1. Where nothing but the Cβ of Lys and Arg (+1) and of Asp and Glu (-1) is charged, how large is the charge dipole of the stretch 194-349 around its Cα centre, in debye to the nearest 20?
2. From the cross-link list LYS219/LYS275; LYS34/LYS361; LYS57/LYS82; LYS5/LYS149; LYS34/LYS82, which pairs have alpha carbons spaced over 19 Å apart?
3. Grab the beta carbon distance between SER351 and LEU173, set R0 = 25 Å, and tell me the FRET efficiency rounded to 0.05.
4. If contacts are Cα pairs under 8 angstrom and at least 6 residues apart, what is the relative contact order of the chain in percent?
5. Spelling out what I want: for every residue of the stretch 256-273, take phi, set θ = phi - 60°, compute 6.51 cos²θ - 1.76 cosθ + 1.60 (Karplus), and round to whole Hz; glycine and proline get x.
6. Counting pairs of alpha carbon atoms under 8 Å apart in space and at least six apart in sequence, what relative contact order in percent does the stretch 194-349 give?
7. Consider the candidate values (i) 30; (ii) 39; (iii) 26; state which one is percent of Cα pairs over 33 Å apart computed from the structure displayed.
8. Name the long-range amide H neighbours of ILE313: under 5 Å, sequence gap of 5 or more, or other chain; modelled H, no Pro or chain starts.
Amino acid sequence: MSEKKKILFVITKSNWGGAQKYVFELATNLPKDKFDVTVVLGGNGVLVNKLQKEHIKTITLSSLERNINFFKEFVVLFDLIKVFRREKPNIIHLNSSKIGGLGALAGRLVCVSKIIFTAHGFAFNEDRSKIVKMFLFILNYITILWSHKTIIIDHKEFDQVKNLPLLHKKLELIHIGVRSVNGIKIAKNPDSPIAIGTISELTKNKGLIYAIEAIARLKNKNITFTIIGEGEERENLTKLIHQLNITDKVQLLGFKENATSYLNLFDIFTLTSVKEGLPYAILEAGLTGLPVIASNIGGIGEIIENGKSGILIEPKNVEQIVEGLTKLIDSPELRKSLGQDLKKNVEQNFSINKMIKETVKLYCY
């Protein structure tokens with residue numbers, strides 16, 4: 001019987017989001033007879049608790065934080081080198097742009113035999129200045145060069161980098177996968193408001209201000225809008241809700257560890273982000289059978305076919321959000337048909353078993 005491979009997952013933040021969910025699913029579903037798993041992360045958030053409940057070893061680095069600070073990055077680099085030397089992994093699997101670059105460099109310096117990087121949406125696609133975008137592009141390019149293999153989770157971003165010098169043989173397209181969603185079951189009153197909802201971190205990249213502005217234009221309709229999630233934009237979003245006089249329509253529910261269980265309470269799901277990779281939120285909403293209106297960015301177009309399995313809108317376009325929501329609010333039949341088609345697509349093409357199988361194959365190349 002062959003010896004287990006030791007794998008270290010490394011991720012910057014331990015609060016619960018798409019990248020953290022990805023790490024959790026891999027860490028807890030890899031074959032236990034083949035892999036010995038440890039997760040290195042920053043902070044003591046939800047991911048730490050979830051992993052420890054599953055008896056997965058965690059190593060917390062206090063030096064890890066998402067924002068780039070050139071002086072602190074040297075501390076992070078040396079901390080990673082120490083961990084890699086001590087743990088002696090066969091594989092390191094890096095998640096996020098920042099930890100990708102630092103982790104790949106540390107891995108090379110320590111001579112780790114396999115360095116895997118998953119790009120959860122390239123940072124250079126974020127809404128930033130041209131100079132910052134160029135810097136982030138160079139950082140991501142170097143990260144892919146230093147890594148032995150890079151997993152890209154959607155075709156759009158794969159196409160952005162596949163023809164760059166020296167990268168083609170380093171790239172693998174592996175979609176994220178989701179498991180069935182067990183939600184809260186309630187009997188809905190036909191006269192109840194149409195429940196529009198989203199599960200999202202409260203950050204600028206999530207474009208929540210555009211959804212809130214759209215709800216304000218639809219405030220005469222019998223609707224509610226619930227946002228599940230937490231983040232640094234909470235105060236600004238709260239102010240906007242008050243300014244638009246829609247406190248009776250919009251609810252910031254905060255972080256919920258079992259957020260997906262609330263999906264059955266919604267009639268419509270929205271994701272009006274300005275930057276995404278391949279979002280778990282839409283896949284999970286799809287498994288629930290919800291109709292979705294979402295920004296046509298990142299890999300969302302691979303999940304939703306506009307007009308057939310959902311409604312796609314241009315990012316930051318409030319008019320299109322209003323138009324799409326109006327169609328869904330006014331037509332139960334459209335909501336049902338879009339939700340059914342989306343559910344079928346997610347079940348066929350985005351299973352967690354497929355993701356695990358393809359990732360294990362990459363680890364063993």
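Read the figures in this text as sums done on the coordinates, not as results from a lab. Quantities reported herein were computed from a predicted structural model and do not represent experimental measurements. For neighbour counting, all protein chains shown are included, and Cβ atoms are generated from backbone atoms with ideal geometry for every residue, glycine included.
1. Values: 17 positive and 20 negative charges, 59 e Å.
For the stretch 194-349, the charge dipole is close to 280 debye.
2. LYS219/LYS275; LYS34/LYS82
3. 0.95
4. Working: 707 pairs, mean separation 50.1, N = 365.
About 14 percent, as a whole number.
5. Each residue's phi maps through the Karplus curve to give 10, 4, 9, 4, 5, 5, 8, 4, 5, 7, 8, 9, 9, 10, 10, 8, 9, 5 Hz.
6. Working: 299 pairs, mean separation 38.6, N = 156.
Answer for the stretch 194-349 is 25 percent.
7. Identified label for the calculated read-out: (i).
8. Under 5 Å from the amide H of ILE313: ALA294, SER295, ASN296.
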